[in-house]
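Visitor: Take a look at this one; I'll ask things after.
The values are calculated or read from the model by the stated rules, or taken from the named source; none is laboratory data. Predicted model, so just to flag it, every value in this text is computed and none were measured. Methodologically, a virtual Cβ is constructed for each residue, glycine included, from the backbone with ideal geometry; neighbour enumeration extends over all protein chains shown. With ligands, DNA and RNA removed, areas are computed over all heavy atoms of the protein, side chains included. Shrake-Rupley method; radii C 1.70, N 1.55, O 1.52, S 1.80 Å.
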Amino acid sequence: MFCATPVAASGAEVLKVYEGPPLAALSLPRLPLGPGPTAVRVPGEGVSVVHFFATWCEPCRAELPALAAMARRLSGQGVQVIMVDVGEPASRVTRFFETAPVAGEVGLDADRVAARAFGVDVLPASLVFADGQPRLMAVGEVAWDHADKDLLGLVPGR
Amino acid sequence: MTTRRDFLKAGLLAGAGSLLPAAAFAQAAAPAAATTTPFAPNVGRWRSFQIVTTVEILKPEGKVQAWLPVASFSNPDWFKPGDNSWTTNAASAKLVRDTRSGAEMLHLVWADGEKAPRVDLTSKATTRDWKVDLNRPGMPAPITTELRTKNTASTTLIPTGGIVKETSDKIVAGKSEELDKVRAIFQWVVENSYRNPATRGCGIGDIAAMLKSGDLGGKCADLNALFVGLVRAQGIPARDVYGLRVMPSQFGYKSLGANSDIVTKAQHCRAEVYLSKFGWVPMDPADVRKVVLEEPPGKLALDDPKVVAARAGLFGGWEGNWFAFNTAHDVVLPGYNGAPLGFLMYPQAVTAAGLLDCLDPDGFKYTIRSSEIAV
């Protein structure tokens, strides 16, 4: 559907309505950047932005600051970001986040099982879930500075 | 067996090999400084090389293991693997083979608490410049059914269906001869891909992703994997050969050789295609794109004479300045229950903290030195 080669950062994408098949939740090893459990549930509870990336992916790196800023902005409003690194060892990802901004918990998809299960074959890719159901998606770099309305619109009671 | 602090000396110690002077690099590279002769490899004389890979685990935690690729590839036309020998303080060290992928490696396991795990692996091989005259079809030994199946198969990162097959079919449309199809794919890769200097290591080689994204940038493990996948999609056997540049190019192309005896970051994969009238034929479209990007003054046009020569020379030939490891995909590291590797071209190690970053030789840490030897 939608691996591990980046979409060229020719322009920011917008979140679109997800029209694919149902996606079952799964659990990934958590990158221990701080204290916490050993696993990350994907998707998370409430509204969660599941963001697939890799350290070598240039558009992914370009997108991270805006993604992290969005995560900080909306963290108290029912929206969380879960990052999923595709196909890399934990040591490489840990080193990457010594300088790169972290937008949320980081799950490790070393064997690409999660990417395959979620139909992700181009990086970066993002899926937005609400109550466990996929609702929005984007392939490529998203204009996260302008996504608040779409994301908050999925939060119950808003 | 060895004690924890003892250095184990094992393996098949080679016969009387002697190092040529380090000046071999300077001598071989000398023509580069003066002139660049047109790239036109031919069948050359056999030369022997050794590479010495030194791995140190700087932060050993828990059980420490390492896997170092050794030459498990051979082609009597141009590459003959030699002996491997090693010294280490590991509790065990043995040559192992991942039976499914065929990759061979030195597997080391250190005792818990070993404070300075280290291994020095010396691997030898004999190789030569090789060229197949594609104007003179012959009667090569037929490929076995097993080899044909293996070298036309999909791998995790090189699928042969879907967008790969669709793309391949478009490229070869109207062509019926396998040589014409392969030539068309080679030229298509040269004309539509690019070498991305920002790509870490040699790339990932996820070719369906490359095609879907429309971004055909990367390095050898990307571009030659793309070539191999597109050829395999036509049912024509093709294989990536993962290895290491060990000597300068005799044609003065700095981009196509090792320019120092330290080759820690000189990994390179090539490709071979089996053509029924020619046998295994060397091909390296990724190196054509490397010439385009890197040969002075840089970012050369496709009609630059250096590129034209490399484009012609690397379709059916290459220099024997390179050490082949294997043609393996989806490599399982024996004794490790993590994800299989797309390919095995770099030393690997795992500690209680997980798999170490093979693309971070300083943190890992490993160094590789090469030299030509007389035997």
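Visitor: Size of segment B:130-325 along its principal axes in angstrom, Cα-based, largest extent first?
Guide: Sorted largest first, the three principal extents are 41, 39, 32 Å.
Visitor: For segment B:130-325, which whole percent of the accessible surface, found with a 1.4 angstrom probe, sits on carbon and sulfur atoms?
Guide: Within segment B:130-325, the accessible surface is 52 percent carbon and sulfur.
Visitor: Ignoring ligands, DNA and RNA, how much accessible area is buried between chains B and A, both sides summed, with a 1.4 Å probe, to the nearest 100 Å²?
Guide: Result for this pair: about 1600 Å² buried.
Visitor: Hey, can you find the accessible area per residue of chain B for me, probe 1.4 Å, expressed in square angstrom? Intermediate values should be presented prior to the final figure.
Guide: Values: 15060 Å² over 375 residues.
Accessible area per residue: 40 Å².
Visitor: Relative contact order for segment A:56-112: what percent, with Cα pairs under 8 Å and sequence separation of 6 or more?
Guide: 43 percent
Visitor: Compute accessible area for segment B:333-359 by itself and then with all protein chains, 1.4 Å probe, and report residues whose area falls by 40 Å² or more.
Guide: The answer is B:ALA339, B:LEU355, B:ASP357 - residues whose exposure falls by at least 40 Å² when every protein chain is included.
Visitor: In segment A:16-152, what % of DSSP beta bridges are antiparallel (nearest 5)?
Guide: Close to 60 percent.
Visitor: Keeping the other protein chains in place, figure out the carbon and sulfur percent of the accessible area of segment A:16-152, with a 1.4 Å probe.
Guide: C and S atoms contribute 54 percent here.
Visitor: Sticking with this structure for a sec: What are the equivalent ellipsoid semi-axes of chain B, built from the alpha-carbon gyration tensor (square roots of five times its eigenvalues), in whole angstrom, biggest first? Could you put the intermediate results ahead of the total?
Guide: Values: eigenvalues 225, 115, 76 Å².
They are 34, 24, 20 Å, listed largest first.
Visitor: Three principal axis extents, largest first, for the C-alpha atoms of the protein assembly as shown, in Å?
Guide: Sorted from largest, the Cα extents of the protein assembly as shown read 78, 66, 47 Å.
Visitor: Let me spell out the model: positive unit charges on the Cβ of Lys and Arg, negative unit charges on the Cβ of Asp and Glu, origin at the Cα centre of chain A. What dipole size does that give, in debye rounded to 20?
Guide: 240 debye
Visitor: Something else about it: Taking the Cα centre of chain B as origin, work out the dipole magnitude from +1 charges on Lys and Arg Cβ and -1 charges on Asp and Glu Cβ, in debye rounded to 20.
Guide: In debye, rounded to 20, chain B gives about 320.
Visitor: I've got another one for you. Full extension from B:LEU134 to B:ASN42: what is 0.36 nm times the residue separation minus their Cα-Cα distance, to one decimal in nm?
Guide: 31.9 nm
Visitor: Let me ask another. Suppose we compare each residue of segment B:196-211 in its chain alone and in the full protein complex with a 1.4 Å probe; which ones drop by at least 50 Å² of accessible area?
Guide: Residues passing the criterion (a loss of at least 50 Å², heavy atoms only) are B:ARG200, B:ILE204.
Visitor: Let me ask something else about it. At 1.4 Å probe size, with every protein chain present, just tell me what the per residue accessible area of chain A comes to in Å².
Guide: 43 Å²
Visitor: If the only charges are +1 at each Lys and Arg Cβ and -1 at each Asp and Glu Cβ, what is the size of the charge dipole of segment B:274-375 around the Cα centre, to the nearest 20 debye? Write down the numbers at each step before the final one.
Guide: Numbers: 8 positive and 12 negative charges, 36 e Å.
Around 180 debye, computed over segment B:274-375.
Visitor: At a Cα cut-off below 15 Å, give the aspartates and glutamates reachable from B:LYS80, other chains included and same-chain residues fewer than 8 away excluded.
Guide: Of all the aspartates and glutamates, those that pass the test against B:LYS80 - Cα under 15 Å, at least 8 places apart if same chain - are B:GLU104, B:ASP129, B:GLU319, B:GLU372.
Visitor: Among the lysines, which fall within straight-line cross-link reach of B:LYS59, defined as a Cα-Cα distance under 17 Å, with same-chain neighbours fewer than 8 residues apart omitted?
Guide: Cα-Cα hits under 17 Å: B:LYS115, B:LYS365.
Visitor: Just give the residues from segment A:83-112 buried by at least 10 square angstrom of accessible area in the all-chains context relative to the isolated chain, probe 1.4 Å, and say none if nothing qualifies.
Guide: So the qualifying set is A:PRO89, A:ALA90, A:SER91, A:ARG92, A:ARG95, A:ALA110, A:ASP111, A:ARG112.
Visitor: A further question on this structure: If you find the alpha carbon centre of segment B:75-119 and of segment A:71-133, how far apart are they in angstrom?
Guide: Segment B:75-119 and segment A:71-133 have Cα centres separated by 35 Å.
Visitor: With a cap of 13 neighbouring Cβ atoms within 10 Å, and only residues DSSP puts in a loop, list the trypsin sites (Lys or Arg not before Pro) found in segment B:115-220.
Guide: On the way: sites: B:LYS115, B:ARG118, B:LYS124, B:ARG128, B:LYS131, B:ARG148, B:LYS150, B:LYS165, B:LYS170, B:LYS175, B:LYS181, B:ARG183, B:ARG195, B:ARG200, B:LYS212, B:LYS219; in loops: B:LYS115, B:ARG128, B:LYS175, B:ARG200, B:LYS219.
Qualifying residues, ordered by number: B:LYS115.
Visitor: Turning to a different aspect of this structure: Based on alpha-carbon positions alone, could you give the equivalent ellipsoid semi-axes of segment B:289-340 from the gyration tensor, as √(5λ), descending, whole Å?
Guide: 35, 14, 9
Visitor: Explain nothing, just the number: relative contact order of chain B, from Cα pairs under 8 Å at least 6 residues apart, as a whole percent.
Guide: 27 percent
Visitor: Non-local amide H neighbours of A:GLU13 (under 5 Å, H modeled in plane, Pro and chain starts lacking H): which ones?
Guide: Result for A:GLU13 returns A:GLU141, A:VAL142, A:ALA143.
Visitor: Could you pull out every residue, at least 5 positions away or on a different chain, whose amide H is within less than 5 Å of the one on B:TYR274? Hs are placed 1.01 Å off N in the peptide plane, and Pro or chain starts have none.
Guide: The list, which skips near neighbours in sequence, is B:ALA238, B:VAL281.
Visitor: While we're here: Check cross-link reach from B:LYS277 to the lysines: straight Cα distance under 19 Å, and skip same-chain residues fewer than eight apart.
Guide: The reachable lysines, counting only those whose Cα sits under 19 Å from B:LYS277, are B:LYS131, B:LYS175, B:LYS181.
Visitor: Okay, moving on. With each run of n ≥ 4 DSSP H residues scored as -39500 (n - 2.57), what mean residue ellipticity at 222 nm is computed for the protein assembly as shown after dividing by its residue count and rounding to the nearest 500 deg cm²/dmol?
Guide: -6500 deg cm²/dmol
Visitor: Assuming a ≥ b ≥ c are the square roots of the Cα gyration tensor eigenvalues, decide whether segment A:16-152 counts as rounded (a/c under 1.5), prolate (otherwise, with a/b larger than b/c) or oblate.
Guide: Rounded, since a/c falls under 1.5.
Visitor: List the residues of segment A:40-82 whose backbone N lies under 16 Å from a point placed 7 Å from the Cα of A:ARG158 along the Cα-to-Cβ direction.
Guide: Once the point is set 7 Å along Cα→Cβ of A:ARG158, A:44-50, A:67-82 turn out to lie under 16 Å by backbone N, inside segment A:40-82.
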